[in-house]
Amino acid sequence: MAEKELKKASISVSGMTCASCVANVEQALKGVHGVEKAVVNLATGKAAVEYDPARARLTAMKKAVDEIGYEVVLQSADLQVTGMTCASCVANIEKAVGDLPGVHKVVVNLSAGSARVEYAPDITALTEIKKTILELGYGVVERVEGQQALDRERQARQREIRRQLINLIISATLGMVVMLGTFQPYWFLPSIIPAWLNNKVILFFLTTPIVLGPGRQFFINSWNGLKRGITDMNLLYATGIGAAYLIAVINTFWPEAGFGGREATFYEAAALLTAFIILGRYLEAITRGRTSEAIRRLIKLQPKRARVVREGQEMEVPVEWVEIGDVLAVRPGEAIPVDGVVAEGYSSVDQSMITGESIPVEKKAGDEVIGATMNKTGAFKFRATRVGKETALAQIIKLVEDAQTTKAPIQRIADRVAGQFILGVHALALVTFLFWFFIGFAQWFTPESRLILTPYLLSEMGVFGFALLISVTVLVISCPCAVGLATPSAIMAGSGKGAEYGILFKGADAMEMTSKLQAVIFDKTGTLTKGQPSVTDVVTLDKLAESEVLRLAAVAEKNSEHPLGEAIVRGARERGLEVADAESFNAVPGQGVQASHNGHAILLGNRKLMAEQQVSLDGLAPEAERLESEGKTAMFVAADGRPFGIVAVADTLKETSALAVSELHRMGLQVAMLTGDNRRTAEAIARQVGIDRVLAEVLPEDKTNEVKKLQAEGLKVAMVGDGINDAPALAQADVGIAIGSGTDIAKETGQVILIKDDLLDVVAGLQVARATIRKVKENLFWAFGYNTLAIPLGFGIIYPFTAQVVSPELAALLMATSSLSVTLNTLRMRGFVPTIRRGQRGQIGPLPAGQAALPVSR
Amino acid sequence: MKRVGFISAIIYTGISVLAAGLFLVATMNGYSLVERFGGAGWIFLLAMIILMPIVTPLVKKRLGGDRQP
């Protein structure tokens, strides 16, 4: 049976407030026929869905989510359709567009010549919708720009923040009045608060608007969930607020009913409970808004207009109109609209917003420019090479967004625990009630009982009222409402922070794994070194001229694309030698090359190659060892089975290699170097750069095995290398770090992508990941730790010794404090700067000349 | 889907009523009517909340009532 092809899509879901909402939405989506996987991120409000497009449709997913009380947020586009003449045109377009998998609704208006489409852009892009209409033979132009959709999302977020703020103001203001009224007879309050405010009927009229106004959302949401057999945190709040309010009402109007009498009206509990829960909600809404700032900042970088040169004339057009191959003009101070290659002109460009590079980069004809970067001094023209979703900026945004919709393993555990927590809390509330009803009350109740931090006496309280009070407190105090935000908010802040420095994590799991790394393997050539070697020495035998040995070596390497071969050919040409073409050429991976020229068989390579071809190195070996001890790569040259000489080649260390390695050591990581060089040479380089572990003489295909060997020692290993050449080793490592990928991010293998070719970013990446996961753990501590500590208190564990119980409103205040801790802790991440990036630029200079020569391996 | 909901409702409501009934029986002596019926009501409510999300998926699994598009 052919394997079904799954598609991935990200759907915006609104109305989620806690970790149990996440579990509910995931469960609902997984229940849809054809949906294989659903992962919901509370902080972004997005569900990442893997589905079979042949079976699952957006409408079914939307229905499933809507049914459980949440809402799938779709984008809508207004299109101007031309060429429609009759009702059948309308039907055609509606049918064709409506059949697209990501379209929920399409309404075509013949007289207005318009079509309004509600769709999920991750499933069906707007371009696909437009293409479908064009293929039917109609003209179509978009009326709404993408930015507007983005603004709409921001407006929705702001609406939610405003709504909770209004609720908070109402509930907090009235709640304070209710509290003052309740405590009017106590302390010094009789002198400043009028006695009528303590009237229970007045308190009833002050509390009811809080419960039925701002508090209504909890009752409605929990009822919607209950109707579908789903329990969430709203239910905890609703039962808590409802029970406190109901007891107060009964005791006000039917004081003889046995619920504790007129003195046990907990209006302030219902009022302040509502206020504190809404305070938590408000803080969560703010956190969600703040942590997605990174994405918004990136999106804002995108220039809206471009100056296209057509028929010699510059014309300003929307950036969406730019096509690949268009020539664009950029003036000083303007943002570069799309990616491209400079055609004419000269300038310096500030690329810091994309690469994190603080110094402007000079650009001349033939150089690449990145869209959204800022042209500083000169004017130039460039040819567009990547537009729309292909630009570096669009790819970075996509990568950061994708990273934010994934879940770190630690979050999966937290979500599962939080999901079960709600049921556990209700079960605990039931046990608590039964315990205090049948055992606790008779054993320990005294008329001097008080609520903690209040002058309230519970002397008139009956067994039912007392057991119910403690049961409600357990419900409120146990609510893990901050758990839902603890991990995703930190991950979002961390991935955004990484993007600021040109460090892109491909998922939350990559970030978590990066934080756990114990060893880092660097590929040598092109990673630790610049990868641009040059000829340093030529040693000859048999009175041959140096130039002849170098010429032979260059002939053999002329067709090679290896940096070492290019260095030899370049070295020969620089010395004025003519380099002829070899008749045949064969590269032997990890050893060297074989070539034939004018009937001679030329060999150029390391000892292994010479040994295999039975070439004696007796006269050359001591010289080779000397060169290798200087950190150079010695390549033996032989012809027709006779040794001729040695060509030594050396690469140069990158300026930051030694600092990066020492910083990694300081952070407690093992650092290893992977190279095809022989051990002696490799160790010479390792000494210069400060690496303690050398994996030498490794053939390209064996790099993966070397990574495996380190993993077998129980180490969590990162491999740093070229995202394309070292792809298998990057894939094998626990974390593959592709360095210097430039702007073509999508092609990269590896879970962490460093845009710049700077090893310090490996250190910065680790520091960002560690800081993020530390933040996650701190958040989880504030979210769960609070519950763990507070539940026994809510259960009344101190009551037998102190005759005091926690009031529901104090429980709610503690709960809001937990949300506040998580919020403030996450927001602290905004000011985070990796240690290695704190004013280090001026300190890093080129290495001393003696350290600069390095050998190159194949 | 409707059948799953109906059968589930019968089961969790039945068990909750039973729990509340047991509470009433256990409090026949020494408790006021308010305490007995108030307590039974609270137990019924919590039992419903606990049982609903447990019973519904079990019934759905047993009857194979997956949601179809």
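The values are calculated or read from the model by the stated rules, or taken from the named source; none is laboratory data. None of these values were measured; they are calculated from a predicted model. A quick note on method: Cβ atoms are made from the backbone with ideal geometry, for glycine too, and the neighbour counts reach across all protein chains shown. We work out accessible area using only protein heavy atoms, side chains counted, and drop any ligands, DNA or RNA first. Shrake-Rupley method; radii C 1.70, N 1.55, O 1.52, S 1.80 Å.
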Original post:
Would you call residue A:173 among the β-branched types (Val, Ile, Thr) and modelled with pLDDT of 90 or more?
Top reply: yes
Original post:
residue A:32 fails exactly one of the following numbered conditions: (1) more than 19 Å from residue A:399 (Cα to Cα); (2) away from chain B (no Cβ under 14 Å); (3) touching a helix residue (DSSP H, G or I) at 6+ places or on another chain (Cβ under 9 Å). What is the number of that condition?
Top reply: (2)
**OP:** Select, from A:349, A:327, the only residue that is touching a Lys or Arg at 6+ places or on another chain (Cβ under 9 Å) and open to solvent by less than 20 Å² (accessible area, probe 1.4 Å).
**Re:** A:349
**OP:** Taking only the stretch A:358-400 into account, find how many residues are of a type in the set (Asp, Glu) and open to solvent by less than 60 Å² (accessible area, probe 1.4 Å).
**Re:** 1
Original post:
Scanning the stretch A:36-47 for residues that are open to solvent by less than 20 Å² (accessible area, probe 1.4 Å) and more than 23 Å from residue A:126 (Cβ to Cβ), which turns out farthest from the other protein chains (Cβ to nearest Cβ)?
Top reply: A:43
Original post:
Taking into account only those residues within the stretch A:588-623 that are of a type in the set (A, V, I, L, M) and touching a residue at least 40 places away in the same chain (Cβ under 8 Å), which is farthest from residue A:684 (Cα to Cα)?
Top reply: A:601
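Listed here are the residues, each with its yes/no results for (1) buried (at least 21 other Cβ atoms within 10 Å of the Cβ); (2) of a type in the set (Gly, Ala, Ser).
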| site | (1), (2) |
| --- | --- |
| A:628 | yes, no |
| A:634 | yes, yes |
| A:674 | yes, no |
| A:699 | no, no |
Original post:
Taking the stated definitions as given, is residue A:477 within 16 Å of residue A:737 (Cβ to Cβ) and of a type outside the set (Ser, Thr, Tyr)?
Top reply: no
**OP:** Evaluate the following for residue A:50: is it within 24 Å of the chain's Cα centre (by Cα) and open to solvent by 30 Å² or more (accessible area, probe 1.4 Å)?
**Re:** yes
Original post:
Does at least one position in the stretch A:328-343 carry a residue that is in contact with a strand residue (DSSP E or B) (Cβ under 9 Å, 6 or more places away or on another chain) and without any contact (Cβ under 8 Å) to a residue 24 or more places away in the chain?
Top reply: no
**OP:** Considering only the stretch A:55-71, state which residues are within 11 Å of chain B (Cβ to nearest Cβ), surrounded by fewer than 21 Cβ atoms within 10 Å (Cβ to Cβ) and either in a strand (DSSP E or B) or in contact with a Pro (Cβ under 9 Å, 6 or more places away or on another chain) (or both).
**Re:** A:55, A:59, A:60, A:63
**OP:** Could you grab the pairs with beta carbons closer than 7 Å, sequence gap of 6+ or different chains, first residue in the stretch A:417-428 and open to solvent by 20 Å² or more (accessible area, probe 1.4 Å), second one modelled with pLDDT of 75 or more?
**Re:** A:419/A:23; A:423/B:50; A:423/B:53; A:427/B:50; A:428/A:474; A:428/A:478
**OP:** Report, by residue number, each residue of the stretch A:173-226 that is among the aromatic types (Phe, Trp, Tyr), closer than 17 Å to residue A:272 by Cβ and not in a helix (DSSP H, G or I).
**Re:** A:183, A:186
Original post:
Has the stretch A:251-258 got any residue that is away from chain B (no Cβ under 14 Å) and at pLDDT below 75?
Top reply: no
Original post:
Which condition number does residue A:168 fail, the rest of (1) of a type in the set (A, V, I, L, M, F, W, C); (2) free of Cβ contacts under 8 Å to residues at least 40 places away in the same chain; (3) buried (at least 19 other Cβ atoms within 10 Å of the Cβ) being met?
Top reply: (2)
Original post:
Quick one: which of A:226, A:235 is within 13 Å of chain B (Cβ to nearest Cβ), modelled with pLDDT of 75 or more and within 35 Å of the chain's Cα centre (by Cα)?
Top reply: A:235
**OP:** Please report, ordered by residue number, the strands (runs of 3 or more DSSP E) entirely within the stretch A:630-701 with at least 2 residues that are of a type in the set (Gly, Ala, Ser).
**Re:** A:633-639, A:642-652
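Just checking, how many residues over the stretch A:1-29 are within 11 Å of chain B (Cβ to nearest Cβ) and more than 18 Å from residue A:119 (Cα to Cα)? Spell out the reasoning first.
Restricting attention to the stretch A:1-29, the residues satisfying the condition of being within 11 Å of chain B (Cβ to nearest Cβ) are A:20, A:23-24, A:27-29.
Those still in the list that are more than 18 Å from residue A:119 (Cα to Cα) too: A:20, A:23-24, A:27-28.
Selection size over the stretch A:1-29: 5.
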**OP:** Could you run through the stretch A:575-596 and say how many residues are open to solvent by less than 20 Å² (accessible area, probe 1.4 Å) and over 50 Å from the mean Cα position of the chain (by Cα)?
**Re:** 2
**OP:** Answer yes or no as to whether residue A:833 is out of contact with any Phe, Trp or Tyr (no Cβ under 6 Å at 6 or more places or on another chain), part of a loop (DSSP other than H, G, I, E, B) and modelled with pLDDT of 80 or more.
**Re:** yes
**OP:** Filter the stretch A:437-460 down to residues that are open to solvent by less than 10 Å² (accessible area, probe 1.4 Å) and in a loop (DSSP other than H, G, I, E, B) and give me whichever is nearest to the other protein chains (Cβ to nearest Cβ).
**Re:** A:458
Subject >> Residue check, residue A:604 open to solvent by less than 10 Å² (accessible area, probe 1.4 Å) and closer than 30 Å to residue A:688 by Cα >> reply: yes
Original post:
Can you pull out the residues in the stretch A:502-526 that are open to solvent by 10 Å² or more (accessible area, probe 1.4 Å) and within 27 Å of residue A:692 (Cβ to Cβ)?
Top reply: A:512, A:513, A:515, A:516, A:518, A:523, A:525, A:526
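Quick one: in the stretch B:23-63, of everything that is under 13 Å from the mean Cα position of the chain (by Cα), of a type outside the set (Phe, Trp, Tyr) and more than 9 Å from chain A (Cβ to nearest Cβ), which residue is least open to solvent (accessible area, probe 1.4 Å)?
Of the residues in the stretch B:23-63, the ones under 13 Å from the mean Cα position of the chain (by Cα) are B:40-56.
Going one step further and asking which of them are of a type outside the set (Phe, Trp, Tyr), we end up with B:40-41, B:43, B:45-56.
Within this subset, residues satisfying the condition of being more than 9 Å from chain A (Cβ to nearest Cβ) are B:40-41, B:51.
Numbers: B:40: 7, B:41: 37, B:51: 33 Å².
Among them, the one singled out is B:40.
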